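Enquirer: Below you'll find the structure I mean.
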Amino acid sequence: MSRAIHTPSEEERIKNINRVERARLAFEDLYSFYHNRERNFRYGTGEQWSDMMVDPETNETITEKEYIERNGRLAAVQNQIGKTIRNLAGQFRSNYPDPVAFSRTRANAEAGEMMTQALQYALDLNEGNELDAENMREYAVSGACGWKVSFKWRPEVDRKDVLIDSLNMTRFFYNIDARDIRGTDITICGELHDLSIYEVISKFGFNYEKDLKRVKAMFPDATSRDWQNFKEPEHVKKFRDFYIPDNPDKVRVIELWVEEFEQLYFLHDSRDGSEYEVDKDWFIEAGYPQEIIDLYSLHEIVGLMNQQRQEEALKLGVPPESIPVFTLTDRFEPVWNCYYLTPNGDLLLSMRTPYAHQSHPYIFGRYMMDGKIISMVETIIDQQRHINRLISFVDAYLGGSLKNVMMIAEESVPARYKGNFAKYTNDIVKMNQVVYYSSGSNGTNPIPKEISSKSMPVGAMELLNLQMDLLKDLSAVNDAIQGNAPHAGTPASLYAQQTINASITNKDIFDFYFSLIRKRNRKVVQVIKQFYEEPRFIKVSGVGSHKGVEGTYDPTKVEDIDFDVVIGESQNTLAYRQVVDDDLKGFLQAQLITFEEFLKLNNKPYSDKLLQIIGNRQAPAIGGTVSPDGAFPGQEMTQSIQ
């Protein structure tokens, strides 16, 4: 680990500038993704007439909304996309998965249960359900989402703990040539941070009084840049610059994780078969003097270790051929390195990945095919546009049609109203009004006639209904999955089948997202196992149902165990809880469990209150426990002795 408060050499500066340039290229290669996401986001939030177009009369580039309003029409919006996104998020919340960590050997089942509690505690501490629901909406809009799992100081619990953050996909970047949907071909990734100078000093451990001036000099001077094009929040959101922070009061810091190849050394002990990655720092931590480390190479140090072991073994009478030896081998292997850089190429921090999983802290996924990211919103935008156009067309047609127009021939207006047609108009529309007029000779004067247009554009409503049905079909969020009442005469079996079919269509979307959550949870378990170095009391609320779990996490019981994570069926659904309650009721009737055990396991809202009442009844009174007849244990014996 190193910080760049020192003056870097020219070679170091060139390397850092090249790293910044590599990060910039990765960020700008994703501009098409950022653009598509921004458009999908606008449609999802109801801003659906903001696509740019050329006015055919003025050749001016304007939004579709401006063009429609210039022509005197209403830019109507029926936001079906937002409704679809909320429905998907609601389906996810109603089936939120319960993570379960398990050891790969049955003998360590107890350790797996303890790790499960620790995992659920970490998710509860980070409000994982809210983060995952937010990422579900991001996934529907952009087709990509992710998290960052780290271990940092948590002020709310006054200690270091697991920190899970949702990724802002407009700040995140990676190598654009990655095609594997599993993310195995990611070689560079990172994100852009906007921090104040004081946050930079705090996060990277600089001295405020000593280093403030030098840290400020590392960043471009905000006053020397043209901020006129970056003042509007909407403009910044659409066209974020790689070097310039969104807020002029902050500075841009680039977090970059790169897979690089290095010469690594591994020490193998033939006595127990163990193998360690070693360097000179490892030998110093093992207790070897600094002067020995500075004087000898790694191979020479290993030779000294073998010599020392042989001398000790010979004193004990061990034959030379039976003495186990150390073997040092070197391999050229990929490692993940992290760099925090300024836009000018100054290095704030560099380090080898501190995590035992030997990778970057990000977990992200892209729902794609042949390298193209596909979002659910993008597939239904055309149907949404057609719906809006049809509604606007029908509104314009009705606005321009005749609506209860009174046609009055001037010759039929009575003489007393001549020159005052307004009074005549008011009189004939009054309730129970009588107006006298002359029908003329032979009754030729026509009477007033009311005209209105009751017709709709031919096929407009049928086409509108067609587009609404197409949008439901493409998104697989139909009336059945939304819980809407079926049409009259719809059989219950058909309605249930429609719900199942819609769930099957969305199964691909949800299963991909659940696989990302599983990867995230596996990385959380690895971080817990690495950094939870002391026993902890764990209490989690709201896991599985309204009940929680509590226990003690002991790191010594899991340090040598390999864990995996699976996604369990959610216990938050009404159907699941009903099945559990029915089973428990059967166990109680068969006297396989006690009433207290029944209350602890079921999901009745009054269970906790009943348990508290029973506990109070059985709790010891002051000075001893009261027996059923009101006497303290031993009271009868005392009385008999007396």
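Enquirer: Residue check: is residue 342 β-branched (Val, Ile, Thr), under 30 Å from residue 272 (Cα atoms), modelled with pLDDT of 90 or more and surrounded by 14 or more Cβ atoms within 10 Å (Cβ to Cβ)?
Expert: On the way: β-branched (Val, Ile, Thr): yes; under 30 Å from residue 272 (Cα atoms): no; modelled with pLDDT of 90 or more: yes; surrounded by 14 or more Cβ atoms within 10 Å (Cβ to Cβ): yes.
Considered against the rule, which asks whether it is β-branched (Val, Ile, Thr), under 30 Å from residue 272 (Cα atoms), modelled with pLDDT of 90 or more and surrounded by 14 or more Cβ atoms within 10 Å (Cβ to Cβ), residue 342 comes out as no.
Enquirer: Same structure again: Go through the range 149-170 and count every residue that is open to solvent by 10 Å² or more (accessible area, probe 1.4 Å) and either among the charged types (D, E, K, R) or in contact with a His (Cβ under 8 Å, 6 or more places away or on another chain) (or both).
Expert: 7
Enquirer: Take the residues in the range 354-385 that are modelled with pLDDT under 85 and open to solvent by 60 Å² or more (accessible area, probe 1.4 Å); name whichever of them is farthest from residue 516 (Cα to Cα).
Expert: Restricting to residues being modelled with pLDDT under 85 and open to solvent by 60 Å² or more (accessible area, probe 1.4 Å), the top hit is 370.
Enquirer: Contact list please: Cβ distance under 6 Å, first residue in the range 91-118 and closer than 15 Å to residue 555 by Cα and among the hydroxyl-bearing types (Ser, Thr, Tyr), second residue part of a loop (DSSP other than H, G, I, E, B) and modelled with pLDDT under 85, pairs at least six apart or on different chains.
Expert: Note: pairs meeting the criteria are 103/561.
Enquirer: Is it the case that some residue within the range 131-144 is surrounded by fewer than 20 Cβ atoms within 10 Å (Cβ to Cβ), among the hydrophobic types (A, V, I, L, M, F, W, C) and either closer than 19 Å to residue 538 by Cβ or touching a His at 6+ places or on another chain (Cβ under 6 Å) (or both)?
Expert: No, there is no match, as no residue in the range 131-144 is surrounded by fewer than 20 Cβ atoms within 10 Å (Cβ to Cβ), among the hydrophobic types (A, V, I, L, M, F, W, C) and either closer than 19 Å to residue 538 by Cβ or touching a His at 6+ places or on another chain (Cβ under 6 Å) (or both).
Enquirer: Name the single residue, out of those in the range 229-267 being more than 36 Å from the chain's Cα centre (by Cα) and open to solvent by 40 Å² or more (accessible area, probe 1.4 Å), that is modelled with the lowest pLDDT.
Expert: 263
Enquirer: Here is a further query. For residue 202, which of the numbered conditions (1) in contact (Cβ under 8 Å) with a residue 40 or more places away in the chain; (2) open to solvent by 70 Å² or more (accessible area, probe 1.4 Å); (3) polar (S, T, N, Q) fails to hold?
Expert: (1)
Enquirer: Quick one: in the range 171-192, which of the residues that are open to solvent by 30 Å² or more (accessible area, probe 1.4 Å) and touching a Leu at 6+ places or on another chain (Cβ under 8 Å) is modelled with the lowest pLDDT?
Expert: 176
Enquirer: Let me ask another. Tally up the residues in the range 268-289 that are closer than 21 Å to residue 357 by Cα, of a type outside the set (Ser, Thr, Tyr) and open to solvent by 60 Å² or more (accessible area, probe 1.4 Å), please.
Expert: Looking only at that region, the number is 6.
Enquirer: For the range 48-58, state whether one or more residues are touching a helix residue (DSSP H, G or I) at 6+ places or on another chain (Cβ under 7 Å) and under 30 Å from residue 175 (Cα atoms).
Expert: Yes - at least one qualifying residue is present in the range 48-58.
Enquirer: Restricting to the range 69-79, give me the number of residues that are touching a helix residue (DSSP H, G or I) at 6+ places or on another chain (Cβ under 7 Å) and farther than 18 Å from residue 382 by Cβ.
Expert: Of the residues in that region, 2 qualify.
Enquirer: Can you find a residue that is over 27 Å from the mean Cα position of the chain (by Cα), within 30 Å of residue 50 (Cβ to Cβ) and either of a type in the set (Phe, Trp, Tyr) or open to solvent by less than 60 Å² (accessible area, probe 1.4 Å) (or both) anywhere in the range 400-411?
Expert: yes
The values are calculated or read from the model by the stated rules, or taken from the named source; none is laboratory data. Computed from a predicted structure; not experimentally measured. So basically every Cβ, Gly included, is an ideal-geometry build from the backbone, and we count neighbours across all protein chains shown. These accessible areas exclude ligands, DNA and RNA; they are computed on the full protein's heavy atoms, side chains included. Shrake-Rupley method; radii C 1.70, N 1.55, O 1.52, S 1.80 Å.
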